[in-house]
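Working notes, beginning with the structure itself.
The values are calculated or read from the model by the stated rules, or taken from the named source; none is laboratory data. Every value quoted in this text rests on a predicted model; they were computed, and no experiment measured them. Here the Cβ positions follow ideal geometry from the backbone for every residue, glycine too, while neighbour counts run over all protein chains shown. Note: areas computed on protein heavy atoms with side chains; ligands, DNA, RNA excluded. Shrake-Rupley method; radii C 1.70, N 1.55, O 1.52, S 1.80 Å.
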Amino acid sequence: MTHAVIHKSGAVRAAANMPHYTAAYAQLDWEVFRSWLDYLPGGALNIAHEAVDRHVAHGRGHHEALRWLGKAGERRSYTYAELKTETDRFARLLANLGVGKGARIFAMLGRVPELYIAALGTLKAGAVFCPLYSAFGPEPVRARMAIGEAEVLITSPRDYARKVAGVRGDIPGLNHVLLTGGTTDIPADTIDLAAALADTPAEFETVLTRPDDMALLHFTSGTTGRPKGAVHVHEAVAAHNATGVIALDLHADDIYWCTADPGWVTGTSYGIIAPLTAGVTMLVDEAEFDVNRWYDTLERERVTVWYTAPTAIRLLMKAGAALPRARDLSRLRFMASVGEPLNPEAVIWSNTVFAKPFHDNWWQTETGGIMIANYAAMDVRPGSMGKPLPGVVAGILDVSETDTRPIDAPLQAGHLALRPGWPSIFRSYLNEEARYAACFRDGWYLTGDLAMRDDDGYYWFVGRADDVIKSAGHLIGPFEVESALMEHPAVAEAAVIGIPDERAGEVVKAFVTLRAGHTASAQLQKELLGYARQRLGPAIAPRQIDIADDLPRTRSGKIMRRLLKARELGLPEGDLSTLEKPA
Ligand code: AMP
């Protein structure tokens, strides 16, 4: 296998936080990374203290922490000292409501300042922050709040009315709903957040959480069953901080822009926690993707470090090189990408257009932070995810029903596995011990991805080992989509697959069979599409629904999504032996 290699210039090497990967891999470990944190008295550790208060204590309270760009051109800025004040106030509000340690605080908000304040204030209060993507429809919202035993929800009046009010009875522990927007006309069983905060003093002593106390609950999806709540603890901050510094090369004077939404793990780990622990100025854009707006933002805000995703990069490539070339993007120092495979062409394109490559890195909800990356001081091999973070041991395994065997030969695909023990590893799937235990074999955590390693230790993504769909960087469990479709009166059975999409990588396609008394028609197809979109929201709903006479299944009756996929993609069905992997 020959790879293109993008070499680093000497100047960039000198500036990088980690100047030599091999030496760092030998020297750095989690003890060192823990020593980069401040901690609280008695060995207590609180993410929000490390992200916000400690900078104030170290005399950097005046430094701009959060620079918010509103959809309609508004701007708001918070220094670290102001962020401390506002997060203290939010934590005090929770305490005044009687919400204590371990309580689950859900947020379903767009990228507005309240979201960032709520996340950090929740952590200060010792409660657990659980983000929900604002493009979820009522069903995914209900399912996640029920599984997570939501006690508090912070959302907008519109999302409350559309997605929560009708199902509030299904979440009996949901004691408080805090509504943003400052409207006077809010439902009786909700609280006007702005008014409540205005009446609350900004006085709070951060709760002395232990490193192993639960801090974050992130939902993710598997092939089967309900969404899984991956539990992360306060100690995860050691990984957020270390990876921000090493893998994203954050320096305290950076203007950093992570384009991910905090409704997903990247937007929390790298759109809130990591950058703040590194003391940078964190840019937040409320608006959705827009080519011109993005280039304008990079130029005007003098962004130095930019963390984005392949779907967006593909759209930028499509819009052409003239747009970035017309701007002064000379401040941009480091660009990284995550979430889906980053095509080699995208890396080569970025190197031509920006005079620096996108640095792909790999991680997942369960790992809590970046595990494999292309680092600032390392040559980039376009198409590769890079090398394991110092402190992380990765392996490629042959996994059978009975055992696991490391594959040492280069460029042989197998299961990507990690040795457990890093601080941001998920500590459970909430109330699902068996599903959690199934992720570990022979002292390895099995990631569910297939990958290979080359002669020089670079890792290359091969595919998922399961039927989970990745669309625009978002993981979608087929089961959740199938269940919603099957609630439609015309649907007998449903099977959902991901099909390739130029923009989103994959989009969701569903196949359904009909109950007796219903006949296939274009009208019914349209109705089903509308139904799914209304129930599931645009982030998860299928883009295409085919009505089939029958669905292929195994002898034991399991629907063979892989066969449907092979047929859909025109792959020979004989290839199924290789497609068929344990789910
Ligand atoms: P999530 O848990 O939603 O963050 O999704 C994690 C999954 O996204 C991984 O298990 C991979 O399948 C995929 N993924 C994340 N980063 C990359 C990457 N750099 N290259 C290829 N796939 C990736």
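Numbers for the structure displayed
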| item | result |
| --- | --- |
| Potential lengthening between residue 401 and residue 64 on full extension [0.36 nm per residue; Cα-Cα distance subtracted] | 116.0 nm |
| Whole-percent carbon and sulfur share, accessible surface of segment 61-160, 1.4 Å | 47 percent |
| Check: segment 479-563 dipole with +1 on Lys, Arg Cβ and -1 on Asp, Glu Cβ, in debye | 140 debye |
| Computed accessible area, residue 464, all protein chains, 1.4 angstrom probe, square angstrom | 60 Å² |
| Where the chain is the region considered: accessible area per residue in Å², 1.4 Å probe | 39 Å² |
| Cα gyration tensor shape of segment 378-456, rounded if a/c is under 1.5, else prolate or oblate by comparing a/b with b/c | oblate |
| Per-residue [θ]222 nm for the chain (sum of -39500 (n - 2.57) over DSSP H runs n ≥ 4, rounded to 500) | -7500 deg cm²/dmol |
| Accessible-area ranking of 450, 411, largest first, probe 1.4 Å | 411, 450 |
| Cut-off under 5 Å, modelled amide H: who pairs with residue 209 long-range | 45 |
| Solvent-accessible area, 1.4 Å probe, carbon plus sulfur percent, for segment 495-559 | 46 percent |
| Pairwise label distance in nanometres, residue 553 with residue 15, each label 7 Å out on the Cα-Cβ vector | 6.0 nm |
| Stretch gain in nm, segment residue 502-residue 544, where the contour uses 0.36 nm per residue and the Cα spacing is subtracted | 13.6 nm |
| Nearest-20 debye value, segment 1-93 charge dipole, Cβ charges on Lys, Arg, Asp, Glu | 360 debye |
| Cβ-derived FRET efficiency at R0 56 Å, residue 146 paired with residue 32, nearest 0.05 | 0.85 |
| C-alpha center-to-center spacing [segment 67-82, segment 444-502] in angstrom | 36 Å |
| Fraction of accessible area attributable to carbon and sulfur, segment 251-342 (%, probe 1.4 Å) | 51 percent |
| Nearest-0.05 FRET efficiency for residue 287 and residue 462, computed from C-beta distance (R0 35 Å) | 0.50 |
| Residue-by-residue Karplus 3J(HN,Hα) for segment 362-372, coefficients 6.51, -1.76, 1.60, Hz, glycine and proline x | 10, 6, 8, 3, 5, 7, x, x, 4, 10, 10 |
| Centroid-to-centroid separation of segment 316-350 and segment 373-437 [C-alpha atoms, Å] | 27 Å |
| Surface accessible to a 1.4 Å probe, residue 20 within the full protein complex, Å² | 120 Å² |
| By accessible area with a 1.4 Å probe, ligands and nucleic acids excluded, highest first: order of 424, 521 | 521, 424 |
| Rounded accessible area of residue 480 (nearest 10 Å², 1.4 Å probe) | 20 Å² |
